[in-house]
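The block underneath contains the structure these notes are about, expressed in structure tokens.
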Amino acid sequence: APILQLRGIRKRYNIGTPVEAEVLHGIDVTLQQAEFVALTGPSGSGKSTLLNIIGLLEHTTAGTLEIAGQRADGLDDAGLTQLRGATIGFVFQFHHLLPAFSALENVMLPSMIGHGTATPEAEATARDLLVRVGLKGAEHKRPGELSGGMQQRVAIARALSLRPRLILADEPTGNLDTVTADEIFALLREFNRDHGSACLIVTHDPRLAGSCDRTIQLVDGRLVSD
Ligand code: ADP
Ligand code: ADP
């Protein structure tokens with residue numbers, strides 16, 4: 001079964017009645033397990049909105065959405081939260097790391113949410129992930145003590161901590177230099193290969209998009225090529 005299936009997804013924002021703006025006009029996409037896919041398109045074309053819908057952070061106006069074989073449209077917020085936690089890992093451009101917490105604590109966070117406490121297993125997993133992303137020795141550093149590239153590595157380790165089957169990355173290399181961007185991309189690719197997690201990555205960089213298995217392009221809220 002595909003990891004992700006979208007059919008006829010529409011999204012309208014209420015920007016003050018009676019004005020309604022439709023920003024996605026019926027999107028059909030299927031992502032297979034372990035696919036590594038770039039999402040490109042001009043600014044304002046709807047990439048973030050689409051990613052937020054797939055990430056179950058925003059409701060759709062119309063259409064159907066299935067993740068890991070489960071229908072997501074029509075779920076209430078509790079249902080969305082549960083499905084999101086069970087299947088999806090997020091990597092944001094500006095990290096969203098908690099500044100007062102260490103790298104290790106930041107990576108352990110997703111496993112603490114829901115359990116309320118960090119199990120020894122969660123800590124062992126977090127330590128192992130930090131080694132894998134090249135941050136051995138930086139476990140107890142706070143985000144502010146790390147470079148942008150290192151912060152993005154922490155964000156990736158955190159996104160992977162629950163072994164998500166689908167990784168959503170919104171310009172994960174947008175604010176990084178070329179070498180660091182390549183390293184971050186390679187990390188995502190490695191996790192994709194090792195665990196069979198599908199990745200959907202918003203990127204403006206044609207070179208990075210070219211290294212993906214497939215590119216989806218949005219223009220004005222419509223898919224123009226796949
Ligand atoms: P991209 O990520 O490709 O730059 P976005 O998904 O951020 O595109 O935005 C697509 C369109 O939707 C833009 O016209 C944007 O202004 C509009 N938009 C995004 N979020 C909202 C919102 N919360 N309310 C109203 N309009 C929005
Ligand atoms: P990007 O293009 O880098 O994804 P944007 O500036 O389009 O970022 O959007 C940043 C955030 O602001 C997103 O969460 C988006 O949904 C929201 N947003 C964008 N446009 C609007 C808008 N016209 N009204 C309200 N929120 C918006």
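Only one entry in G89, G85 is in contact with a Leu (Cβ under 9 Å, 6 or more places away or on another chain) and in a strand (DSSP E or B), namely G89. In this structure, G41 qualifies as small (G, A, S), crowded, with 20+ Cβ neighbours inside 10 Å and either more than 16 Å from ligand 2 (Cβ to nearest atom) or within 22 Å of T215 (Cβ to Cβ) (or both). Determine whether segment 20-37 contains at least one residue that is within 16 Å of ligand 2 (Cβ to nearest atom), on the phi > 0 side of the Ramachandran plot, open to solvent by 30 Å² or more (accessible area, probe 1.4 Å) and within 17 Å of the chain's Cα centre (by Cα). No, segment 20-37 has no match at all.
Considering only segment 9-19, state which residues are in a strand (DSSP E or B) and open to solvent by 30 Å² or more (accessible area, probe 1.4 Å).
So the first thing to find is which residues in segment 9-19 are in a strand (DSSP E or B), and the list is 9-14.
Hits for segment 9-19 are R10, R12, Y13, N14.
When L39 is tested against (1) within 18 Å of P164 (Cα to Cα); (2) within 16 Å of ligand 1 (Cβ to nearest atom); (3) not in a helix (DSSP H, G or I), just one condition goes unmet, and that condition is (1). If you go through segment 54-75 and keep only what is more than 14 Å from ligand 2 (Cβ to nearest atom), without any contact (Cβ under 8 Å) to a residue 40 or more places away in the chain, in a loop (DSSP other than H, G, I, E, B) and over 22 Å from L188 (Cβ atoms), you end up with A72, D73, G74, L75.
Determine, yes or no, whether V131 is loosely packed, with under 15 Cβ neighbours inside 10 Å and either outside any helix (DSSP H, G or I) or away from ligand 1 (no atom under 16 Å from the Cβ) (or both). In short, yes.
Find the residue count for segment 190-226, including only residues that are open to solvent by less than 40 Å² (accessible area, probe 1.4 Å), in a helix (DSSP H, G or I) and of a type outside the set (A, V, I, L, M).
Of the residues in segment 190-226, the ones open to solvent by less than 40 Å² (accessible area, probe 1.4 Å) are 191-192, 196-203, 208-209, 212, 216, 218, 221.
Remaining after also requiring in a helix (DSSP H, G or I): 191-192, 208-209.
Remaining after also requiring of a type outside the set (A, V, I, L, M): 191-192.
Qualifying residue count, segment 190-226: 2.
All conditions in (1) at pLDDT below 95; (2) charged (D, E, K, R); (3) within 16 Å of ligand 1 (Cβ to nearest atom) hold for R222, with the sole exception of (1). Restricting attention to segment 143-180 and to residues that are farther than 26 Å from T87 by Cβ and within 16 Å of ligand 2 (Cβ to nearest atom), the residue that is surrounded by the most Cβ atoms within 10 Å (Cβ to Cβ) turns out to be L176. Only one entry in L51, L6 is surrounded by 16 or more Cβ atoms within 10 Å (Cβ to Cβ) and assigned to a helix (DSSP H, G or I), namely L51.
When you check K47 against the structure, is it within 16 Å of ligand 2 (Cβ to nearest atom) and among the charged types (D, E, K, R), yes or no? So K47 fits the description; yes.
The values are calculated or read from the model by the stated rules, or taken from the named source; none is laboratory data. What you are looking at is a predicted structure, and each value in this text was computed from that prediction instead of being measured. Note: ideal-geometry Cβ built from the backbone for every residue, glycine included; neighbour counts use all protein chains shown. Ligands, DNA and RNA are excluded from the accessible area calculation, which covers all protein heavy atoms including side chains. Shrake-Rupley method; radii C 1.70, N 1.55, O 1.52, S 1.80 Å.
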